[in-house]
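The values are calculated or read from the model by the stated rules, or taken from the named source; none is laboratory data. If you're wondering where the values come from, they're calculated on a predicted model, not measured in any experiment. Positions of Cβ are generated from backbone atoms using ideal geometry, with glycine treated the same way; all protein chains shown enter the neighbour counts.
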Amino acid sequence: MEDVSLLVIKPEAFSRRYLVLDSLRDRGYAVLKIKEMKGWPGFIPKIYVEFTEEQKNAFVDAYLKSEFRTDFIAAIVTHKKGNTIERLKNDVGNFSAYQKRTNKTLRSEFGLPKEYNIVSQDLTAVFNGLHKINDVKDFYKHLLLFDISWPA
């Protein structure tokens, strides 16, 4: 497999997608392929498989109740220094710790502050703007899920 990773720009960051892509480029990434899609809440149960059914439903419900549309982007990227999956995980940052704004991660740049969090049942929905893959297997899972052909 090529040295690539996949980043999702979720609905809460969709209106700033060009700024996200510019920030990626500034950090040494090249964007190899972009696919714009709709229907983010429908993908949540398939992506966040580690959640319980109640948590998945709460997360979907949080998006449906939010002010965000359902548009999102999946972008395949590579980094000029290699090790792209690990670099992107570090550059995206933690799913909620970014709200302290103490680091220079993509989520601290484009994720929403904690005032937007929605608590439902035993889940706090954090609108952090981005979703990244964890490993090569996860990359291929997302390609299938989003119906993205690769290599381009």
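Key figures for this structure:
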| read-out | value |
| --- | --- |
| Single match in 61, 71, 3 (criterion: acidic (Asp, Glu) and in contact with a Gly (Cβ under 8 Å, 6 or more places away or on another chain)) | 3 |
| Search result, residues across the stretch 112-152 that are part of a loop (DSSP other than H, G, I, E, B) and of a type in the set (Asp, Glu) | 122, 135, 147 |
| Residue among 93, 42, 111 that is among the small types (Gly, Ala, Ser) and surrounded by fewer than 17 Cβ atoms within 10 Å (Cβ to Cβ) | 42 |
| Qualifying positions in the stretch 40-69 - out of contact with any Asp or Glu (no Cβ under 9 Å at 6 or more places or on another chain) and at pLDDT 95 or above | 42, 43, 44, 46, 47 |
| Of all residues making up the stretch 21-33, the number that are over 21 Å from residue 127 (Cβ atoms) and of a type in the set (A, V, I, L, M, F, W, C) | 3 |
| Residue among 148, 118 that is more than 15 Å from residue 13 (Cα to Cα), modelled with pLDDT under 95, β-branched (Val, Ile, Thr) and over 13 Å from the mean Cα position of the chain (by Cα) | 118 |
| Those residues of the stretch 45-72 which are closer than 21 Å to residue 21 by Cβ, surrounded by 15 or more Cβ atoms within 10 Å (Cβ to Cβ) and among the basic types (Lys, Arg), in sequence order | none |
| From 75, 125, residue being buried (at least 16 other Cβ atoms within 10 Å of the Cβ), touching a residue at least 60 places away in the same chain (Cβ under 8 Å) and farther than 17 Å from residue 19 by Cβ | 125 |
| From 63, 18, 98, 48, residue being among the hydroxyl-bearing types (Ser, Thr, Tyr), without any contact (Cβ under 8 Å) to a residue 24 or more places away in the chain and closer than 18 Å to residue 126 by Cβ | 48 |
| Qualifying residue in the stretch 117-135 (condition: touching a Ser or Thr at 6+ places or on another chain (Cβ under 7 Å) and farther than 23 Å from residue 66 by Cα) | yes |
| Members of the stretch 128-152 that are of a type in the set (S, T, N, Q) and either surrounded by 15 or more Cβ atoms within 10 Å (Cβ to Cβ) or within 21 Å of residue 53 (Cα to Cα) (or both) | 128 |
